[in-house]
Amino acid sequence: MFDSSKAFSGFAVNDIEKAKRFYRETLGLEVSEEHGLLRLRLGGGTAVLVYPKPDHVPATFTVLNFPVDDIEAAVDELRRRGVTFERYPGMETDEKGVFRGGGPYIAWFTDPAGNVFSVLQDR
């Protein structure tokens, strides 16, 4: 039934304008807006819906992952753009905020609404 559906994911934010600026200016994503909703265009034509929710509470997990070829370069560039990387108990990160403790190298950050994103690199 859904094998040919063009499914997409979505998540909430508490301030559409702040979110739009962050996704467009800080992350450099293609962002469109229609009927008060944002659509993020990701690599490969993937779309993500971002919708306003005044009583938004961020998820306690990563809602969007960005695979990169070079995590060091990605982290450095995001820091240059003002992004702060998160540190979580039990997930020891290096001085840049990159977790290298198994699986892909990964660094977490949040959008203005507190949603958790990551950049990650397969080893």
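The values are calculated or read from the model by the stated rules, or taken from the named source; none is laboratory data. Just so you know, these numbers come straight off a predicted model, no measurement behind them. As a convention, Cβ positions derive from the backbone with ideal geometry for all residues, glycine included, and neighbour counts pool all protein chains shown. The accessibility values were calculated without ligands, DNA or RNA, using every heavy atom of the protein model including side chains. Shrake-Rupley method; radii C 1.70, N 1.55, O 1.52, S 1.80 Å.
Over the chain, dividing the summed -39,500 (n - 2.57) contributions of all DSSP H runs of at least 4 residues by the number of residues returns a 222 nm mean residue ellipticity of -3500 deg cm²/dmol. With R₀ set to 22 Å, the beta-carbon distance separating T62 from R123 gives a calculated FRET efficiency near 0.75. Charge tally around V98: other residues with Cβ under 14 Å, Lys/Arg +1 each, Asp/Glu -1 each, net -4.
Between T110 and F2, how high is the FRET efficiency from 1/(1 + (r/R0)^6) when r is the Cβ-Cβ distance and R₀ = 30 Å? Nearest 0.05. Between T110 and F2 the formula returns 0.45. Per-residue accessible area (protein heavy atoms, 1.4 Å probe) orders E86, E34, E92 as E92, E34, E86, starting from the largest. With a Förster radius of 22 Å applied to the beta-carbon distance between Y51 and D94, the computed FRET efficiency rounds to 0.05.
Hydrodynamic analysis of the chain uses the Kirkwood radius over alpha carbon pairs. Inserted into Stokes-Einstein at 4 °C and 1.567 mPa s, it gives a translational diffusion coefficient of 84 µm²/s. Between D69 and S32, the contour length at 0.36 nm per residue exceeds the Cα-Cα span by 10.7 nm. Computed about its Cα centre, the charge dipole of the chain is approximately 180 debye, with only Lys, Arg, Asp and Glu carrying charge at their Cβ.
From the alpha carbon centroid of the stretch 64-123 to that of the stretch 7-27 is 18 Å.
Accessible area per residue (1.4 Å probe, heavy atoms of protein chains only) ranks T60, T46 as T60, T46, with the largest value leading. State the antiparallel share, in %, of DSSP beta bridges confined to the chain, rounding to the nearest 5. So the antiparallel bridges amount to about 65 percent of the total.
Net charge of the neighbourhood of E30, taken over other residues with C-beta under 15 Å away and scored Lys/Arg +1, Asp/Glu -1, is +2. Cross-link candidates for K53: which lysines have Cα within less than 29 Å, leaving aside residues fewer than 8 places away along the same chain? Hits, sequence-local ones excluded: K6, K18, K20.
Using a probe of 1.4 angstrom and keeping all protein chains present, the accessible surface of the chain works out to 61 square angstrom per residue.
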